[in-house]
Amino acid sequence: MRKYLGEFIGTLLFIFFVSTSLVYMTAFQLSQVFDVMLIFGLAVGVNTYLFGSWSSGGYYNPAVTLGAMVQRKISWQTGLGYMLAQLVGALVGMALTIASINGIVNGQKVTQGQTLGTTEILSALRPTSTTSVGPYSFAVELLLTFLVVYVTLKVLSEKKPAAPVLIGIVLTLAMFVAYPMTGGALNPVRVLAPLFFGGNPSWILALVYLVAEFLAGALAGLVATYDHPQDKL
């Protein structure tokens, strides 16, 4: 149970940190793009350090979990449990984001006329692509999610002490490139959580992202398996 709790808490905190940061940037102009992309890296790095020992190193991303399943680092049963924990954690993290901005942040901004409703909050968090450029979004999400998943699997397999730092760095770099083009999901729960609350009316576009990210996870798991054949169970 501890390992699932670690994935739940880590994903919850990750979604809360990055979602609130994105809203601060897009709606209130309180930060720059690189500042928020750095928050992505810091959030995953800190959570990996804090809760990684609870599970298999700390994934907080169903695409990474799928890669670990393909790599045979974890069983399919454990992996599906991780994915469920990650999804529930993401939904709770998104709910906390909406509640905190609607309550605390809007309360502070009310005198400045900058309050936001739930619709505006979710619009800052959904994928920024459109179906007309779906193939390009698919390619970007596939390539950069592959990079994030592969590096995560590699450093966790090698049990590097600097794993949280390296994972944070690669996510920061990938997000800095991806965000202007696709909104930089690179994680299925970042697509599903806003969708659950009504933040993205296009299921077709969501499927483009989800297929790209899960495919990237599976491919990264295959490459990692051949990269570390001695680790096969």
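The values are calculated or read from the model by the stated rules, or taken from the named source; none is laboratory data. If you're wondering where the values come from, they're calculated on a predicted model, not measured in any experiment. Virtual Cβ from ideal backbone geometry, glycine too; neighbours counted across all protein chains shown.
A few comments on the model shown:
- When I121 is tested against (1) crowded, with 19+ Cβ neighbours inside 10 Å; (2) under 16 Å from the mean Cα position of the chain (by Cα); (3) assigned to a helix (DSSP H, G or I), exactly one condition is not met: (2).
- Among all residues of segment 65-72, there is at least one that is surrounded by fewer than 16 Cβ atoms within 10 Å (Cβ to Cβ) and closer than 21 Å to F146 by Cβ.
- In segment 47-64, residue surrounded by the fewest Cβ atoms within 10 Å (Cβ to Cβ) [restricted to those that are more than 12 Å from the chain's Cα centre (by Cα) and among the hydrophobic types (A, V, I, L, M, F, W, C)]: L50
- Tabulated pairs, segment 22-34, first under 16 Å from M94 (Cβ atoms), second among the hydroxyl-bearing types (S, T, Y), C-beta under 7 angstrom, 6+ apart or interchain: Y24/S31
Residue by residue, here is whether (1) modelled with pLDDT of 90 or more; (2) of a type in the set (A, V, I, L, M, F, W, C); (3) under 13 Å from L142 (Cβ atoms); (4) surrounded by fewer than 15 Cβ atoms within 10 Å (Cβ to Cβ) holds:
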| position | (1), (2), (3), (4) |
| --- | --- |
| N200 | no, no, no, no |
| L210 | yes, yes, yes, no |
| A216 | yes, yes, yes, no |
| L219 | yes, yes, yes, no |
| Q230 | no, no, no, yes |
| L233 | no, yes, no, yes |
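- Neighbours by Cβ (under 7 Å, 6+ apart or cross-chain): first from segment 116-138, modelled with pLDDT under 75; second surrounded by fewer than 17 Cβ atoms within 10 Å (Cβ to Cβ) and assigned to a loop (DSSP other than H, G, I, E, B): T131/S202
- Test for V44: is it in contact (Cβ under 8 Å) with a residue 12 or more places away in the chain and buried (at least 18 other Cβ atoms within 10 Å of the Cβ): yes
- Residue under evaluation A139, criteria (1) touching a helix residue (DSSP H, G or I) at 6+ places or on another chain (Cβ under 7 Å); (2) farther than 27 Å from Y49 by Cβ; (3) surrounded by fewer than 19 Cβ atoms within 10 Å (Cβ to Cβ), criterion not met: (1)
- Per the listing L205, L173, L192, L186, the residue uniquely modelled with pLDDT of 90 or more, buried (at least 19 other Cβ atoms within 10 Å of the Cβ) and outside any loop (DSSP other than H, G, I, E, B) is L192.
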